[in-house]
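First comes the structure, then the notes that go with it.
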Amino acid sequence: MSGLTPSQTVGPWFAYGLTPNGQYDWSDLATGNLITPDVAGDRIRIEGVVSDGDGAPMPDAMIEIWQADGQGRLPVRGGNGATPNTSFKGFGRSPTDPKGLFWFDTVKPGAIAAPDGKPQAPHILVAVFARGLLTHLYTRLYFADEAANASDPILKLVPADRRDTLIAKKETRGGKTVYRFDIRIQGEGETVFFDV
Amino acid sequence: MSIVYPIDSMKVHPSRAFAGYKSTAKRHPVKPLIIVPHTMSELTGPVYGHDAIRPGDEDLTAHGKTGEPLGERIVLHGYVLDEDARPVPDALVEIWQTNAAGRYIHVGEKHPAPLDPNFTGAGRALTDKDGHYKFVTIKPGAYPWGNHHNAWRPAHIHFSLFGRSFLSRLVTQMYFPGDPLLEYDPISQSVTDLKARARMICSFDLDNTVPEWALAYRFDIVLRGRDATPMEH
Ligand SMILES: [Fe+3]
């Protein structure tokens, strides 16, 4: 038995290593674009602003997401009942821009099973990294137009008056579906974060 | 094989509100985090294979435009382990760091130290079946930051790791033994458990030092998760 290696902040200068996105001469492991030609599901954009305790946008944060495809399949190898499917990676990574904005082009995930077999409402796992954040934060993104939210076992654990912070709002823009998911680290409308 | 993810061992991580590191003040949640069970979403994570890395990604001294970077060449290697000290194979390790002069290539960085056209400072490696990874790089430099008067970061290399699930995700920093700046550095001191803090410091490795070529340092990393099967005694 050995203790964990402790977390440290990602710092302000991670972009050239983790999110070069064509701005730096290094390859991208993952970007905000998760779309692959064969991916199953409705194409959507997710976007939001990360802001601090003063409500000021955070231009030096990084958001990572992990999600199932449109049929609720997590793209993992073997085991756990999850099905390897397409070239869809299920993982995305986006820096925030100078206005604190991050974005992902992906598909809306299907419902996936909970350990007790009860389905969870469609959701995406979200991890937040930033300068000034010593240990990353976990949250979840749910979709405003899903009736299944009402019976989701995880959402039920969240005080009713704070659930709203986990629900991405649907907009249509130029014929495209956009879900808005702002992340407030601290203060009024503070996003619910999970201790997992 | 299933993996369990104890919550208790997470206590070694720094508090997100650490007064010595000023930027934490407005960047930590003040409402309590909600404890939730681990579902399929948490217990899975992105899988990386050799398609995620290209030959040479692990040699940061070979990414230059005209030749090798300036500075002290080092071999940096170690094992990625789980909480039962079992190897984690196929863990993706990403690193980024300053050049020998303490300068990052990030466009926003204003530290008046020279850039090195032969050093970009980013690398990537995958652990083998024994959980072993290896980089070749140069020793980074200390650099100033605005946290307090005369604040300098000790030389460090940033590490980002993917293990067996989204729960074992880790972003950390590795420090060098004997660095006098460590005792003045609020970021490393945010880890208050002294044994845990020591785990962020690599060790000089004479056995793997390559004669006439490079010093070696070893940095083992322990990720969250342990085998659900009881260990045999
Ligand atoms: Fe740094």
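Below are the figures for this structure:
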item	result
Whichever residue in the stretch B:196-221 is part of a strand (DSSP E or B) and β-branched (V, I, T) and, among such residues, is least open to solvent (accessible area, probe 1.4 Å)	B:I221
Residues satisfying the stated conditions in the stretch A:42-74, i.e. part of a loop (DSSP other than H, G, I, E, B), away from chain B (no Cβ under 11 Å) and open to solvent by 40 Å² or more (accessible area, probe 1.4 Å)	A:D42, A:Q71
Residues that are over 16 Å from the mean Cα position of the chain (by Cα), surrounded by 19 or more Cβ atoms within 10 Å (Cβ to Cβ) and of a type in the set (K, R), drawn from the stretch A:131-168	A:R131
The stretch A:9-31, residues that are among the small types (G, A, S) and either within 16 Å of the ligand (Cβ to nearest atom) or crowded, with 22+ Cβ neighbours inside 10 Å (or both)	A:G11, A:A15, A:G17
Unique match (being of a type in the set (A, V, I, L, M) and modelled with pLDDT under 95) among A:V49, A:V76	A:V76
Candidates B:E72, B:E109, B:E68, filtered to the one that is surrounded by fewer than 20 Cβ atoms within 10 Å (Cβ to Cβ), within 7 Å of chain A (Cβ to nearest Cβ) and over 26 Å from A:F193 (Cα atoms)	B:E109
Residue check for B:W145: under 21 Å from B:R103 (Cβ atoms), away from every other protein chain (no Cβ under 12 Å) and within 16 Å of the ligand (Cβ to nearest atom)	no
Tabulated pairs, the stretch B:20-46, first facing chain A (nearest Cβ under 7 Å), second basic (K, R) and crowded, with 22+ Cβ neighbours inside 10 Å, C-beta under 6 angstrom, 6+ apart or interchain	B:H28/B:R16
Flag if B:A122 is of a type in the set (A, V, I, L, M, F, W, C), more than 13 Å from the chain's Cα centre (by Cα) and within 16 Å of the ligand (Cβ to nearest atom)	no
Residues of the stretch A:178-188 that turn out to be open to solvent by 40 Å² or more (accessible area, probe 1.4 Å) and either touching a His at 6+ places or on another chain (Cβ under 9 Å) or within 23 Å of A:P95 (Cβ to Cβ) (or both), as a count	3
Residue selected from the stretch A:118-172 under the condition modelled with pLDDT under 95 and part of a strand (DSSP E or B), by the criterion farthest from the other protein chains (Cβ to nearest Cβ)	A:P119
Residue list for the stretch B:113-138, restricted to those being within 18 Å of B:L81 (Cα to Cα) and either of a type in the set (D, E, K, R) or part of a loop (DSSP other than H, G, I, E, B) (or both)	B:R124, B:T127, B:D128, B:K129, B:D130, B:G131, B:K134
Restricting the stretch B:50-65 to residues that are more than 9 Å from chain A (Cβ to nearest Cβ) and open to solvent by less than 20 Å² (accessible area, probe 1.4 Å), the residue that is farthest from B:F166 (Cα to Cα)	B:T61
Residues that are within 16 Å of the ligand (Cβ to nearest atom) and aromatic (F, W, Y), drawn from the stretch B:148-177	B:W152, B:F159, B:Y175, B:F176
Residue selected from the stretch A:20-41 under the condition within 13 Å of another protein chain (Cβ to nearest Cβ) and among the acidic types (D, E), by the criterion nearest to B:Y48 (Cα to Cα)	A:D28
Condition check for A:V10: in contact with a strand residue (DSSP E or B) (Cβ under 9 Å, 6 or more places away or on another chain), β-branched (V, I, T) and at the interface with another protein chain (Cβ under 7 Å from one of its Cβ atoms)	yes
Of all residues making up the stretch B:177-192, the number that are part of a loop (DSSP other than H, G, I, E, B), crowded, with 22+ Cβ neighbours inside 10 Å and touching a strand residue (DSSP E or B) at 6+ places or on another chain (Cβ under 9 Å)	1
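Residue-by-condition table, conditions (1) on the phi < 0 side of the Ramachandran plot; (2) open to solvent by 20 Å² or more (accessible area, probe 1.4 Å):
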{"position": "B:P117", "(1), (2)": "yes, yes"}
{"position": "B:T137", "(1), (2)": "yes, no"}
{"position": "B:G146", "(1), (2)": "yes, yes"}
{"position": "B:N150", "(1), (2)": "no, yes"}
{"position": "B:H156", "(1), (2)": "yes, no"}
{"position": "B:R169", "(1), (2)": "yes, no"}
{"position": "B:Y175", "(1), (2)": "yes, no"}
{"position": "B:L194", "(1), (2)": "yes, yes"}
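The values are calculated or read from the model by the stated rules, or taken from the named source; none is laboratory data. These figures come from a predicted structure and were not determined experimentally. Because the Cβ atoms are built from the backbone with ideal geometry, glycine has one as well, and the counts that use them run over all protein chains shown. Protein only, heavy atoms only, side chains kept; ligands, DNA and RNA dropped before computing areas. Shrake-Rupley method; radii C 1.70, N 1.55, O 1.52, S 1.80 Å.
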